[in-house]
Amino acid sequence: MTVTLAGAGAALPERVLSNHDFVHLDTSDEWIVQRTGIRERRRLAADASLAELATDACGRALADSGVAPRDIHQVVVATSTADRISPGMAVEIATRLGIDRPAAFDVSAGCSGFLYALDHAIAAIESGRADHVLVCGAEALSRITDHTDRNTAVLLGDGAGAVVVSRAEGGLRPSFVLGSDGTRIDLLHVQQDKLLRMRGREIFESAVDLMAGHTELVLERAGLGAEALDLFVAHQANARIIHAVRRRLGVPAERVFLNVDKVANTSSASIPLALAHAGEQQLLHPGAVLGLAAFGAGLSWGAGVITWRSPDAVRPDGELSAGRGVR
Ligand code: ACO
C-alpha cells in the first residue's frame, strides 16, 4: 500500500493586478520582474468569500481525481486568512461539496501549511484511518497586506488550490519532513494590526537553505537522487529563490515548475495551485515523482517526495488509472 496524489484543482479570483498597478508605491515592473519573477497576481474582492473560492478548487480536484465526495473521509484546509476565526473553512467547504460528515479542520503554519496538511493526510491514510483525504490551501493575503508597503504589497496574491490524496497499491512510499524554529518569528509575522511584516533579504537566504537541505533529506530517505524527480514544485514566493534551490539540488530548469509570474506568492495555496496548473499544462503523468518544498512564517518548513497517480493506482471506480488517458 502507498499513498499518491490522485487529482488537483485550482481557483483564482477574477481580478488581475499587473506590476503597473503598483507604480504609485515607487516601484516598477522592471524591479519586480527582475527581483521576483512576478508579473501579475489575483485579488479577491473585499466582500467575497474565500471558502467559496476554495470550494471551487476542491470541486475541481475531486473531478480531476475521479473520487466521489462520499468517499472523502477527511477535509483539511491550510490557511492564515480564513473568512472567520472559528469554525475553520474545512467544515463549510465539505458541506458545500456534499461530503457527508468528514473529519474537517484548518491548519495554520504560514506558507508551509499545505505541506503540513498533506503530511497529515498521508499519515491518516497510511494508518488506515482514511482512504481519501481532500487537502486544500486557500489564501486571501490581500486581507493582511499593507497596501502602502512596496516591500510586501507587490509580492502577495490571492487564490486556492486543492489535491485529493488517495490510498494506492504499489509505487513510491511518500517521504516527508516538517520543522519549525520559533526563535525566528520576527522575520515574518502578522501581529495585532493584522498586517504582514517581513525581513525579506534574511528570509531569502534561509528559504534557500531550508528548502534545498530538506529536499535532499527526503530524497535520501526515499533512496532517490535528484535525477529521480520528474517535477520539482516549490513554494512560489520568488523565482530567484526557486532557481537557487534547484541549482543546489542539481535539478535541471525544465523539471522545475514556476507559476509565480502569474499568481505571485499565495502562501498556503501556492503548491496546490502550482500542481493544478502543472496538470493543466500536461506536465504530470501517472507515476511522476514529485519533489515538494516550502518555507514560511515560524519560521516553518517542509519538504516531501510523492508520486502523481502511481501507474497501478486503483481508482475508486475499480479501474486502473494508467492507460485511460488521464494525466
Ligand atoms: N520596488 C522597488 N524597490 C524595492 C521594492 C519594490 N517593490 N521592495 C524593496 N525594494 C528596495 C528595498 O527598499 C531596498 O532598498 P535599499 O537598498 O535602498 O534599502 C532594495 O530594494 C533592495 O532590497 P533587498 O532586500 O536587498 O532586495 P532583494 O533582492 O532581496 O529582493 C525581496 C527583496 C523580493 C523581498 C526578496 O528578498 C525576497 O523575495 N525575499 C523572500 C520573501 C519571502 O519569500 N517571504 C516569505 C513569504 S511571505 C508569505 O509567506 C506570505
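The values are calculated or read from the model by the stated rules, or taken from the named source; none is laboratory data. The structure displayed is predicted, hence computed values, not measured ones. Heads up, the Cβs are rebuilt from the backbone with ideal geometry, glycines too, and the neighbour counts pull from every protein chain shown. The accessibility values were calculated without ligands, DNA or RNA, using every heavy atom of the protein model including side chains. Shrake-Rupley method; radii C 1.70, N 1.55, O 1.52, S 1.80 Å.
May I ask you to work out the translational diffusion coefficient for the range 143-198 at 37 °C, viscosity 0.692 mPa s, via Stokes-Einstein with Rh from the Kirkwood sum over Cα pairs, reported in whole µm²/s? Don't skip to the answer; put the middle values down first.
Details: Rh = 15.3 Å.
Once the numbers are plugged in, D ends up at 215 µm²/s.
Each Cα pair under 8 Å and six or more residues apart adds its separation to the average, and for the range 2-168 the resulting relative contact order is 35 percent. In the neighborhood of residue 173, defined by Cβ-to-Cβ distances under 11 Å, what is the net charge if each Lys or Arg adds +1 and each Asp or Glu adds -1? Overall, the nearby charge balance is 0. With the simple model of a label 7 Å out from the Cα in the direction of the Cβ, residue 85 to residue 20 spans 4.3 nm. Annotation: for a label point projected 7 angstrom from Cα along Cα→Cβ of residue 189, residues of the range 280-307 with backbone N closer than 20 Å are 295-301. Look at the dipole of the chain built from charges on Cβ: of 145, 223, 273, the Cα furthest out on the positive end belongs to 223. DSSP assigns beta bridges within the chain; of those with both partners inside it, close to 70 percent run antiparallel. How much net charge surrounds residue 102 when only the other residues with a Cβ under 15 Å from the Cβ of residue 102 are counted, with Lys and Arg +1 and Asp and Glu -1? Counting the neighbours of residue 102, the net charge comes to -1. Of 49, 80, the residue with the largest accessible area leads and the full order is 80, 49 (1.4 Å probe). Only Cα pairs under 8 Å and 6+ residues apart enter the sum, and on that basis the relative contact order of the chain stands at 25 percent. Using C-alpha pairs under 8 Å with a sequence gap of at least 6, the mean separation divided by the residue count of the range 59-129 gives a relative contact order of 34 percent.
Shape summary of the chain, radius of gyration then Dmax from alpha carbon positions: 18.3, 58 Å. Give me the distance between the Cα centres of the range 10-70 and the range 127-201, rounded to whole Å. When both Cα centres are located, 14 Å separates them.
Per residue, the chain exposes 40 Å² of accessible surface when a 1.4 Å probe is rolled over the protein heavy atoms with every protein chain present.
Here the sum of -39500 (n - 2.57) over DSSP H runs of 4 or more residues, divided by the residues of the chain, equals -9000 deg cm²/dmol at 222 nm, to the nearest 500. Of 127, 175, the residue with the largest accessible area leads and the full order is 127, 175 (1.4 Å probe).
Among 155, 187, 178, the sequence by solvent-accessible area, most first, with a 1.4 Å probe is 178, 155, 187.
Of the whole protein surface, residue 43 contributes about 50 Å² of accessible area at a 1.4 Å probe radius.
Sparsely packed loop sites in the range 137-220 (the GluC sites (Glu not before Pro) outside DSSP H, G, I, E and B with at most 14 other Cβ atoms within 10 Å) comprise 169.
About its Cα centre, what dipole magnitude does the chain give when the only charges are +1 on Lys and Arg Cβ and -1 on Asp and Glu Cβ, stated in debye to the nearest 20?
So the magnitude is around 160 debye.
Accessible surface for residue 180 stands near 80 Å², nearest 10, in the context of the full protein assembly shown (1.4 Å probe). Note that the range 1-99, at 20 °C in a medium of 1.002 mPa s, gets a Stokes-Einstein diffusion coefficient of 134 µm²/s from its Kirkwood radius over C-alpha pairs.
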